[in-house]
Amino acid sequence: MLRKKLASREVLQFKRSDIWRIILCICAGILMSVNLRTFVYTGNLLPGGFAGLTLLLQAIFHKFLGITVPYGVIYFLMNSVPIVIAFKFIGKKFTLYSCITILLVTFLTDIIPVYAITYDVLLISIFGGLINGFAITLCLKADATTGGTDFIAIAISERFGIDSFNYILFFNAIILTIDGYIFGWDKALYSIIFQFSSTQVIHILYKRYKKNTLLIVTQKPKEIADMIYELTGHGATDIEAYGSYQNADRTIVYSVVSSDELRTVVSEILDIDPDAFLNVIKTEQLSGKFHLHPND
């Protein structure tokens, strides 16, 4: 019964989710392009990933060779190899939807006029970083990415089941070091604030790789355990217990689910057993097999 219910839900969500994913990717591409032409260009900052590397290469070409290279040309060429790798190893839909954002950024960034909202570099660093992080999160929620190092971060996260975006900061640090050495350290240091703000927004809003432990005291352990497995692919462990208040035997179902699955799982649990007692605990570290739905 549950399997039929889930299957029908998946059919309905497939059409809706595809449209929703495309909308999110379009919004992310537009938002990133506007952010680049307002906050980033005004503050002369370097965002993280291939966007920052593109701006750095543009500045180097202009300073040492006197050549002005369009942003879109460099950005697209650098993303071409990760796109092929992601298409082969991560997922076809994942890559195609990511390309929507990449292509929008490629074309719009050279078309949208530069507009200065503020000239306060500190405000630019903070709010530009927040907008950048929000745009990246929109892509991630669409099971896509903004390209470049995000492809690498997703691949690592899928392979090892960890939040790998902090590791991308090391790559960004190299870019900032080169930029600071060539063009001055003040803008490089402000760029660190920009990238830190962006990373924190992603950590707050994107919960795919965050996990929660569920302790469920119930009289219907098998139904709940079966539901958790069918809905999320995660197993569960039954722990025999004794309720001291009612002096009755109880069963505790122990399971770990991703944070983005939590709301649905809790709702299904209460549908099965309205009298169930749930304790949700944030899981800081997990060792062992943990199922993550692959990107498609």
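The values are calculated or read from the model by the stated rules, or taken from the named source; none is laboratory data. The structure displayed is predicted, hence computed values, not measured ones. Note that each Cβ is placed from the backbone with ideal geometry, even for glycine, and that neighbours are counted across all protein chains shown. To get the accessible areas, we keep the full protein, side chains included, count just its heavy atoms, and leave off ligands, DNA and RNA. Shrake-Rupley method; radii C 1.70, N 1.55, O 1.52, S 1.80 Å.
Would you rank Tyr97, Tyr119 by solvent-accessible area, highest first, keeping every protein chain in place and using a 1.4 Å probe? Before the final figure, lay out each step's value.
Values: Tyr97 25, Tyr119 180 Å².
Ranked list, largest accessible area first: Tyr119, Tyr97.
When only the heavy atoms of the protein chains count and the probe is 1.4 Å, how do Cys27, Cys99, Cys139 rank by accessible area, highest first? Please list the in-between numbers first.
Values: Cys27 65, Cys99 30, Cys139 0 Å².
Accessible-area ranking of Cys27, Cys99, Cys139, largest first: Cys27, Cys99, Cys139.
Kindly count the pairs of lysines across the range 15-203 whose alpha carbons are less than 29 Å apart, treating pairs on different chains or eight or more residues apart as eligible.
Working: Lys15/Lys88; Lys15/Lys92; Lys15/Lys93; Lys15/Lys141; Lys63/Lys187; Lys88/Lys141; Lys92/Lys141; Lys93/Lys141.
Lysine pairs, 8 or more places apart or on different chains, close enough: 8.
Please name which of Val201, Phe50, Val81 has its Cα lying farthest along the dipole of the range 15-203 towards the positive end, using unit charges on Cβ (Lys, Arg +1; Asp, Glu -1) and the Cα centre as origin.
Looking along the dipole axis, the top candidate is Val81.
Just grab the label-to-label distance for Ile85 and Lys282, each label 7 Å out from Cα along the Cβ direction, in nm (one decimal).
3.2
When the dipole is taken about the Cα centre of the range 15-203, and only Lys, Arg (+1) and Asp, Glu (-1) are charged at their Cβ, what size is it in debye, to the nearest 20? Before the final figure, lay out each step's value.
Numbers: 11 positive and 9 negative charges, 107 e Å.
My answer is approximately 520 debye.
Quick one: pull the percent of accessible area on the range 14-74 belonging to carbon and sulfur, 1.4 Å probe, ligands and nucleic acids left out. Please report the intermediate quantities before stating the final value.
On the way: 2120 of 2870 Å².
Whole-percent figure for carbon plus sulfur exposure: 74.
Could you work out the relative contact order of the range 209-281? I mean the mean sequence separation of Cα pairs under 8 Å and 6+ apart, divided by the number of residues, in percent. List each step's numbers first, then the result.
Numbers: 122 pairs, mean separation 34.3, N = 73.
That works out to 47 percent.
Give me, ordered by chain and number, the residues 5 or more places off Val256 or on other chains with an amide H under 5 Å from its own placed amide H.
Close amide H contacts, sequence-distant or interchain: Leu214.
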